[in-house]
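> Sharing a structure below in structure tokens format, with a few things to ask.
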Amino acid sequence: QVQVVESRGGLVQPGGSLRLSCAASGNISRINTMGWYRQVPGEQRELVALSPFIGSSNYAESVKGRFTISRDNAKNTVYLQMNSLKPEDTAVYYCKVSQRGISYWGQGTQVTVSS
């Protein structure tokens, strides 16, 4: 089993920045994809950013140029640097880690962008 734990989100003013982290632990052999998703009430969970083990990262159009995903494979950790935050970025952010075709989700962390 793999456990996935996100850092705490928070309340940020519009235009501000926040960095989320997510650490995987447990029965880890080789993690392939690590990514961030977000969800607002009443809507489907959507991809924010994805980091494959090999290759370029992918971003949702709405966050390109503002968010950056990075990972530390030695620590089984993925980060999401969020800059120029907008009220529409308010959501619960989830980390997903994939290994051997199985996906593991974190519990989610609330990010609120408001003045």
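> Being over 14 Å from the mean Cα position of the chain (by Cα) and closer than 23 Å to residue 31 by Cα narrows it down to one of 101, 106, so name that one.
Numbers: 106 fails: over 14 Å from the mean Cα position of the chain (by Cα).
Only one candidate passes the filter, namely 101.
> Please go through the range 61-98 and give me each residue that is under 13 Å from the mean Cα position of the chain (by Cα) and hydrophobic (A, V, I, L, M, F, W, C), ordered by number.
63, 67, 69, 78, 80, 82, 91, 92, 95, 97, listed by residue number.
> Report whether or not residue 69 is of a type in the set (A, V, I, L, M) and at pLDDT below 95. Show your work before the answer.
Working: of a type in the set (A, V, I, L, M): yes; at pLDDT below 95: no.
No; evaluated as a whole, the condition is false for this residue.
The values are calculated or read from the model by the stated rules, or taken from the named source; none is laboratory data. This structure is a prediction, so every number in the text was calculated from the model and none was measured.
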